[in-house]
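What follows is a set of notes on a single structure, which appears directly below.
The values are calculated or read from the model by the stated rules, or taken from the named source; none is laboratory data. Remember, predicted model here, so these are calculated numbers, not experimental data. Note that each Cβ is placed from the backbone with ideal geometry, even for glycine, and that neighbours are counted across all protein chains shown.
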Amino acid sequence: MQSRTISAVVVVALVAAAVVLFVVLRDDDGDTEQAATTTTQEATTAKKDKERKQPKPEPEVTTIVVKGGQPVGGVQELDYTRGDDVRFDVRSDVADEVHVHGYDLFEDVAPGKVASFDFPAEIDGGFEVELETTHTQIAGLTVEPG
Amino acid sequence: MADLVIPLAHALVGREDLPIPAWLFAWGASLVLIISFAALAVAWRTPRFEEDRWRPAPGWLSRLATNPVTETVAGLVGVALLAVVVWSGLSGTDQPNANFSITFVFVTVWLGMVLLSVPLGDVFRAFNPWRAIARAAGGALSLLTRRPRPAPLPYPEWLGRWPAVIGLLAFLWLELVFPSGTQTGGVAPRDAALAILVYTAITLFAMSAFGTEKWLERGESFSVYFGMFSRLAALERRGDRLGFRRPLAAAGRWAQVPGSVALVLVAIGGTSFDGAQEGALTDAIKSVFDWLTERGLGFADALRLTDTLFLVLTLVAVAGLFALGIRGMRTVPGSPSVERLRRAFGHTLIPIALAYLVAHYFSLFLFQEQAQFGYLLSDPLGDGSDYFGTAAAGIDYGLIGATEVWYVQVAGLVIGHVAGLTLAHDRALALYRDPRSATRSQYWMLAVMIGFTCLGLFLLSQANT
C-alpha cells in the first residue's frame with residue numbers, strides 16, 4: 001500500500017514538473033514577457049511585433065536572379081512569419097516556370113519577363129521554390145508560425 | 001560549381017517540417033530525463049509483460065474477421081492494388097508526385113500499414129498480395145495434379161530474419177539513396193514498378209521453395225517489418241480466433257530469432273538517415289560530395305556514393321549505441337552472454353522505431369494521403385483521367401499548423417521512450433531475478449533509450465535548417 005502511495009506522489013510530482021517546465025520553457029506569445037533573459041531571438045520577435053502594429057510599410061521585394069539555370073549565390077532564403085506578405089521577384093536568362101510548392105503558385109519567367117509573386121503567408125512550413133521544367137530549387141520559403 | 005544545388009531526395013515533400021524550436025527541444029529532453037529517473041523510482045518489482053494473456057474475442061468478431069469470404073476479398077484487394085501499382089508505374093507519368101505508384105507504395109502502404117498494425121495487429125497479412133497469389137497458386141496446382149504438393153525445403157534456422165533485413169535495406173536504399181541526383185529528386189515510377197516485379201518473382205520463388213508461411217515469417221520483408229510493429233498491438237489472430245492480449249507484451253519473444261535485432265536497428269537507422277540528410281548531415285554530405293566530384297565522379301554517382309556512405313555510417317552509429325548499452329549491461333554481475341542480452345532486449349527498440357517513424361513522417365503522411373484519395377485515385381497515371389471525379393482535389397497544406405506538427409513529433413518520441421523503457425525494465429526483472437541487479441542493468445538501457453530519444457529530438461531540431 002505504502003509503495004503505491006509513493007508511486008502516486010512521484011507520478012503527480014512528475015506531471016507537475018512537466019507542466020511547470022512546459023510553461024517556463026515555452027516562448028511567450030503575449031507581450032508580458034520581459035524577463036532578464038532577453039535573447040537576441042526574442043528581441044527580433046519583439047521588433048517584428050512592433051513593426052506589425054505600425055501602419056504597414058511597403059515590404060522589401062527580394063529579387064532572385066537565375067543565370068544559366070542556376071540561382072546566383074545559391075538557393076536564396078525567404079523568411080516570413082505567418083500573416084506576412086510574401087513578395088519576391090524572379091529574373092532569369094532562360095525561360096521557365098517558377099513554382100512555389102505548398103502554396104502551388106506558378107508564374108512564367110523569361111529573359112525580359114520578371115515573375116512577380118505577392119501572396120499572404122498563411123501556411124506554416126518550409127517550401128521549395130523551383131524552376132518547374134528542370135526541377136532546380138532557386139529559393140527556400142520559410143513561414144514560421146505566428 | 002560551388003553554387004550547384006543538391007536536389008532533395010524527396011519528390012513528394014510539398015511542405016517541409018520546420019525545425020523544432022530550442023524551447024521544445026529542451027522541454028522534450030528534460031521530460032525524457034525526468035520520466036526515466038522517475039521510472040526507476042516507481043518501477044514494479046515483478047515482470048508483467050512476459051505473458052501476453054491472450055484471450056479470445058467474442059465469436060461474432062472472430063467470424064467477421066476470419067471467415068473465408070473476408071479473407072478472399074482482402075487477398076483480392078491486395079493483388080488488385082499490386083496490379084494497379086505495377087500498371088501505373090510502368091505506363092503512367094514519370095513525375096513521382098503525379099503517379100499513383102509512388103505515393104501508394106512509399107506512403108500509403110509503407111507508413112500507413114505501420115500506423116494500422118500498431119492498434120489493430122497484423123493487418124498486412126490479410127492484404128498481402130504475395131500470400132494471396134501463393135495460396136491461390138498452391139490450391140490450383142493441387143486441384144490440377146490431384147497430388148499433394150511436395151514438402152518444402154527445410155528453412156535454415158540460422159538464417160532467421162536476415163533475408164528480410166536485406167530486403168529492408170534494399171527498400172530503404174531505393175527510397176532514400178537511389179533517387180539522389182535524378183532530375184525529379186524522387187524514385188522514378190518505372191524503376192519502382194520494376195523493383196516490385198523483381199521482388200514479386202523472388203518472393204514467389206522463395207515461398208515455393210521454403211513454404212509460404214515460413215517465408216512470410218522470416219524472409220518476406222514487408223510481412224516481417226509490419227509484423228514487427230503488430231507485436232505492440234492488443235489484437236491478435238490465433239488459428240481462426242481473433243483475440244485480445246496485453247499491449248506491448250507480444251513483442252517480448254520477437255527478437256529471439258536471428259536477424260531481428262538487425263531489422264529493428266535498420267528501421268531506426270533508415271529513418272535517422274532520412275532525418276539527418278535534411279539537416280544534421282547536410283553539410284557533411286555536401287563536402288564529401290564536392291570531394292568526389294572534384295575527383296571526376298559524375299553528379300549522380302557522386303551523390304549516390306555519398307548517400308550510401310552516410311546511410312551506412314548512420315546504421316553503424318545506431319547499432320553502436322545499442323551495442324554500447326548491451327556491453328554495459330554485461331558488466332553487471334550475473335549477466336548472460338552478450339548475444340543473449342542482444343536478443344533479450346532487441347524488442348525494446350520497436351517502440352523507438354515507431355516513434356522515429358511518427359516524428360519524421362507524420363506530416364508527410366497527412367499531406368500525401370490527401371493526394372492518394374484525391375487526384376491520385378482518379379488520375380493514377382497522371383494523364384488527365386478523372387475516374388471518380390476527384391482528379392481536381394489537391395493537398396491542403398494548411399490542414400495542420402507547424403506548432404501542432406511539433407507537438408505530435410515530440411509527443412511521439414516521448415511516448416515511444418516510455419514504452420521502450422517499460423519493456424526494457426520488465427525484461428531486466430525477468431532476466432536478473434534479483435531486482436537490484438535488474439536496476440543496475442537498467443542504468444545502461446536507460447542511457448541507450450535517452451540516447452535514442454535525444455538523437456530523435458536533435459534530428460528534429462536540425463530538420464530543414
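Listing for the model above:
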quantity: Residue among A:124, A:118 that is closer than 21 Å to residue A:81 by Cα and loosely packed, with under 13 Cβ neighbours inside 10 Å; calculated: A:118
quantity: Matching strands (runs of 3 or more DSSP E) fully within segment A:56-131 where at least 3 residues are away from chain B (no Cβ under 14 Å); calculated: A:85-92, A:105-109, A:115-120
quantity: Residue satisfying all of: in segment B:37-56; surrounded by fewer than 19 Cβ atoms within 10 Å (Cβ to Cβ) and small (Gly, Ala, Ser); farthest from the other protein chains (Cβ to nearest Cβ) among these; calculated: B:43
quantity: In segment B:252-267, the residues that are small (Gly, Ala, Ser) and either in a loop (DSSP other than H, G, I, E, B) or over 21 Å from residue B:163 (Cβ atoms) (or both); calculated: B:252, B:259
quantity: In segment B:263-309, residue nearest to residue B:461 (Cα to Cα) [restricted to those that are of a type in the set (Asp, Glu) and surrounded by 16 or more Cβ atoms within 10 Å (Cβ to Cβ)]; calculated: B:278
quantity: Some residue of segment B:376-397 being at negative phi and in contact with a strand residue (DSSP E or B) (Cβ under 9 Å, 6 or more places away or on another chain); calculated: yes
quantity: Of all residues in segment A:132-146 being more than 18 Å from residue A:80 (Cβ to Cβ) and not in a strand (DSSP E or B), the one that is nearest to the other protein chains (Cβ to nearest Cβ); calculated: A:135
quantity: Exclusive hit being in contact with a His (Cβ under 8 Å, 6 or more places away or on another chain), hydrophobic (A, V, I, L, M, F, W, C) and modelled with pLDDT of 95 or more, set B:264, B:257; calculated: B:264
quantity: Inter-residue pairs, beta-carbon under 8 Å, first within 7 Å of chain B (Cβ to nearest Cβ) and in segment A:10-26, second assigned to a helix (DSSP H, G or I) and of a type outside the set (A, V, I, L, M), 6+ apart; calculated: A:21/B:27; A:21/B:30; A:22/B:27; A:25/B:23; A:25/B:27; A:25/B:30; A:26/B:23; A:26/B:27
quantity: Matching residues in segment A:90-108 - criterion: being within 23 Å of the chain's Cα centre (by Cα) and of a type in the set (Val, Ile, Thr); calculated: A:90, A:98, A:100
quantity: Residue B:357 vs. criteria within 19 Å of residue B:431 (Cβ to Cβ), in contact (Cβ under 8 Å) with a residue 12 or more places away in the chain, buried (at least 20 other Cβ atoms within 10 Å of the Cβ) and out of contact with any Phe, Trp or Tyr (no Cβ under 6 Å at 6 or more places or on another chain); calculated: no
quantity: Out of B:116, B:143, sole residue that is of a type outside the set (Lys, Arg), under 30 Å from residue B:184 (Cβ atoms) and part of a helix (DSSP H, G or I); calculated: B:116
